[in-house]
1. What are the pairs, 6+ residues apart or on separate chains, where a residue within region B:169-184 that is hydrophobic (A, V, I, L, M, F, W, C) has its Cβ under 6 Å from a residue that is within 8 Å of ligand 1 (Cβ to nearest atom) and not in a loop (DSSP other than H, G, I, E, B)?
2. Restricting to region B:461-479, and then to whatever is more than 7 Å from chain A (Cβ to nearest Cβ) and touching a Leu at 6+ places or on another chain (Cβ under 6 Å), can you tell me which residue is nearest to A:LEU204 (Cα to Cα)?
3. Take residues that are under 18 Å from B:ILE139 (Cα atoms) and of a type in the set (D, E, K, R) and tell me which of the helices (runs of 4 or more DSSP H) falling wholly in region B:183-290 contain 2 or more.
4. Have a look at B:GLU497, B:GLU539 and point out the one that is open to solvent by 30 Å² or more (accessible area, probe 1.4 Å) and either part of a helix (DSSP H, G or I) or in the same structural domain as B:THR457 (by TED's automatic domain parsing) (or both).
5. Based on this model, can you work out whether B:GLY433 counts as on the phi > 0 side of the Ramachandran plot and either out of contact with any strand residue (DSSP E or B) (no Cβ under 7 Å at 6 or more places or on another chain) or assigned to a loop (DSSP other than H, G, I, E, B) (or both)?
6. Please enumerate the residues belonging to region A:327-359 that are within 14 Å of chain B (Cβ to nearest Cβ) and of a type in the set (A, V, I, L, M, F, W, C).
7. Conditions: (1) buried (at least 21 other Cβ atoms within 10 Å of the Cβ); (2) in contact (Cβ under 8 Å) with a residue 24 or more places away in the chain; (3) out of contact with any Gly (no Cβ under 9 Å at 6 or more places or on another chain). A:ALA215 meets all but one. Number of the miss?
Amino acid sequence: MIISVRSISYDELKRNLSHDDKIVLWSCDTCVKHCGIAGMDKMIVLEDLLREDGYNVIKKELVSESCQINLAKKHRAAHTDIFDQATAIIVLTCEIGYQCVKTVFNDKKVIETAKTFGAGNFSNKKGPILTSPIPSTNLEIDPEGYTLNNLVERFNLHPKFFDADKEPNPEKVTITVDGKPLVVKKNATLLDELLANRMKIPHLCYDASLGAIGACRMCLVKIEGKRGFVPSCSTIIEENMVVTTEDEELEELRKSVLQMILAESGPEIQQSRDIRFWMRRYKLTDNKFYLDEKDEPVDDSSEVLIRDPNRCILCGKCVRACTELSGQRVFNFANRGSKTLAITGLNESFGNTDCAHCLACAHYCPTNAITPKSINKKIVGYPFWTLISYPKKVAPKR
Amino acid sequence: MPEEIVYGKTGFRIRVPMASCTIAAGANEVLQSIQACLESKNLDVEIVPVGCMGLDFIDPWIELTKKGYPSVIYANVTPDMIDQIILEYLDRDYSSAFAFRYENDTDENPIQKLDEMEVWNNQVRWLSGKCGIINPDSIDEYVTVGGYQGLKKCLKQDPDETIEELKKANLRGRGGAGFPTYIKWNICKQQPGEVKYVIANCDEGDPGAFMNRLLAESDPHRILEGLIIAGHTIGANKGFVFVRAEKPLAAKRLLKAAEDAREKGFLGGNIMGSGYCFDIEVFLSAGAFVCGEETAMIAAIQGERANPIQRPPFPAVKGLWDMPTIINNVETLAHVATIMTEGWEKFAALGTEKSKGTKMYCVTGAVQRTGAYEVPVGTPIKKLLYDIAGGPPEGKSIKAVQLGGPSGGCVPADMFDLPMDYDSLQSAGAIMGSGGMVVLDNTNCMVDMARFFLSFTAAESCGKCSAGRIGTRLMYETLKRITNGEGKIDDIELLEEISDVMQKACLCALGRTASNPVLTTFRYFKQEYFDHINNKKCEALVCKALLNYHVDSNKCKGCLVCAKSCPVEAISGQKGTTAKIDLSKCIKCGTCAEICPFDAIQKLPGRVPDESVKVEEDCCK
Ligand SMILES: Cc1cc2nc3c(=O)[nH]c(=O)nc-3n(C[C@H](O)[C@H](O)[C@H](O)COP(=O)(O)O)c2cc1C
Ligand code: FES
């Protein structure tokens, strides 16, 4: 992965902006995100900061791989109405991503926020490590690699994201969750806030980067005054809301829905992280529901990705990631009812489609139905990027 | 009825119903035959293509009306009858006729009047009164019978007054849920913003329901008028009529109606000089049951996959292209037009305390007179099935009626005193639904019926939410097991459990109500499930795995017609001796039983045929 560090302070950023600007936040969803300075959550933080200071943010655009200029072009084309209004674009990407955005939006003020040092990898202990610095950095190749902190200190850059410079202070409201008061962000998604407060709510089809569709029915909660059970992923917080996230009935219901999902898919999905977590938590060992096991051929026609339809739970994350984050629309749904399928292209082999290989689909797939080929297929159960293991020591140069 | 409608320009009109149902019954051929006959006789008669009046058991019918003569309806007409009918009619001989149309029709040779018939006089044709009388393709005829008067009135008054009148009429949505129309309209009207939409829901995907199609094919302007009133009331300038492409004639009539209305100034800019602008688009849907659901319909119109989305926000707040949108069933809209024309008082005088007005029902299945009938809300089931539809065919008895299609439930015969209004039906586990009534008799298996409806919802849902997609499939496969004789007693509990999950967890009403056919058959016909599971027996002789064909040696003459007809050569024997069915080969298609000239082949319940046969033979000896 590419290693980048924040290059400007929040004050410097503001100096580049005027209060009349119509601002678009643009973020890449790959390497820089793992460097901690981009992604949907960071855009939300920055939006909060700018709003508080009286700036006008008109759009947050998440791009699966901003360094692919094609994807940048497609994103502009998909929302010309809004982009045409924009006067400033703040890009949370590496330098290569910035160059692409600058080229595509050569009519606008494009503000760079990161400095890029070269390629590296991700260590579970230390986070991103720079191992192959680009020559212009004048860095020696160090067998231990450079952590982000090393780089911040050495180059006198800015640690972490803009909220390290100034704490955002968005408007808050109080709600009641499981009998206790909880202070949460106003107008936020209920599930986001519950998760942010370290509550465990199962959710398979929701991701803040992709938005809610309410398909998996795992995140159901009870809300006073609302009929029945409501998916917390599709609920906007209202002041004084009274929410129940855990009781016997909810647990039974979530268990049943999980069992349904397990019954429909092949047994392999039980190894994926989220499913396994909830199976353990609910102590599910057998399934009261039974359906014939899926037996679809695995599609390995793509150069980069393997797709195993038997693991698909139709959460639609790949469809949304491909449509919204990459702009390619390689994935879609076909058929209806119990015959519904996720397909690639016009139901053709993955290799035949115009996949941009941005890996967004694989990144968001909760059941590893789509995985990059570079990953050892035997290690299943974790989103692939946490798996990428790197040698502790680079062999000394000869 | 105004004279110009009854007799037309020439003073002699022959009405031929041109709706999908009557055309299927042969109305096209009848029409051609009439044209040929009139030409050969050189008669100056106007042929009027009209819609369907709901009496499907007399399709195709024709009606002859000449000045100085009564209006006479002829039933089940075939092309070769036409010459005779016209001659007899002009001779004032009505012996082969079905009925006189109007109350004041009299003649020296009187026959029964429509109004004296049970099937007619038990109905209140408030909404469908013009169906089968006026030409649906003629806007002039609609205007002559009072059409667009309601719109004219509404355009002159404040939209709040319109809402107030609907409130007084207490009109509830006819699309299934029975939500008060005025509340929906009021919410939408109060939303800020200039751009709003109205949509007429003519998807009608449930098996056994066809009143929306009938209305669109027979009186399309009434729907448009209601839609324009809706648009004016909430402040919309654009409307859609969402019709299935499988109803091409309905779509064609609606399109023609819209064109004519535009030409006459009822649609388009500055409607009737009021300054109000409104236009509509007839949207042809690719057709799936789930498209009837409001949010799925909106997605379909937006060009997306017809997946429902989580509500709230309700469409009245955030609907089509995120703008406030109201969606109403076409029958609801036709009611609006009629209420505004005739006055809410008349509407509110019909029906029950809580639910006013009339409702159209489509009665199909085991009754003598199938058709679409309109009765006041709250009419007992019995009255509709027995008085109007004539009860079961001879030799059969009605066992239950399935109300509201796949989202509804069945009501057993001993509860037929139940009034058909939203609340009573709900308490019985059924729903009013759109108005489909499938009547079941003792040759229908309730387990098999539940299996059918679940196969329908499993195939016709959107497939988006896990509880709906997997739940319907689990239920269907369990029911399939039971009807195949492989059911276990635990399956009943399993079905209840799946149903509970679906009711609680599903995204839209399709999934939340899909288990109703199973739950109501549990409630009223649990014994049938036990029979299938424990005794491997299907009393109604429907489930193939649980029956066998058997040759009655007392009746069989050994003609071997059955052996020749058998598609799998499972029947053998010699001429003159009793034929024998090889049950290991038999696929239970029933061809032999149907073809046997001596009724010697019978269906017998149970899996182990040889035993049951032996028992019978023992008894005889
Ligand atoms: C699965 C499903 C199918 C539906 N099908 C229809 C339909 O075919 N026609 C209809 O008018 N309403 C149908 N509805 C109800 C509509 O969603 C909606 O409630 C109705 O059109 C509202 O109109 P009303 O207020 O006039 O009844 C369906 C609802 C569901 C959940
Ligand atoms: S996460 Fe809310 S329904 Fe899937």
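1. Correct list of pairs: B:LEU171/B:THR181.
2. B:MET475
3. Answer list for region B:183-290: B:220-234, B:248-263.
4. B:GLU497
5. yes
6. A:PHE331, A:PHE333, A:ALA334, A:LEU341, A:ALA342, A:ILE343
7. Tallying (1) buried (at least 21 other Cβ atoms within 10 Å of the Cβ); (2) in contact (Cβ under 8 Å) with a residue 24 or more places away in the chain; (3) out of contact with any Gly (no Cβ under 9 Å at 6 or more places or on another chain), A:ALA215 fails exactly one: (3).
Conditions tested, residue by residue: (1) within 30 Å of A:ALA114 (Cβ to Cβ); (2) more than 16 Å from ligand 1 (Cβ to nearest atom); (3) crowded, with 20+ Cβ neighbours inside 10 Å.
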{"residue": "A:SER132", "(1), (2), (3)": "yes, yes, no"}
{"residue": "A:THR137", "(1), (2), (3)": "yes, yes, no"}
{"residue": "A:HIS158", "(1), (2), (3)": "yes, yes, yes"}
{"residue": "A:VAL221", "(1), (2), (3)": "no, yes, yes"}
{"residue": "A:ARG227", "(1), (2), (3)": "no, no, no"}
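The values are calculated or read from the model by the stated rules, or taken from the named source; none is laboratory data. In this text the structure is predicted, and so the values were computed from the model without any measurement. Counting neighbours? That spans all protein chains shown, and the Cβs are built from the backbone with ideal geometry, glycine included. Protein only, heavy atoms only, side chains kept; ligands, DNA and RNA dropped before computing areas. Shrake-Rupley method; radii C 1.70, N 1.55, O 1.52, S 1.80 Å.
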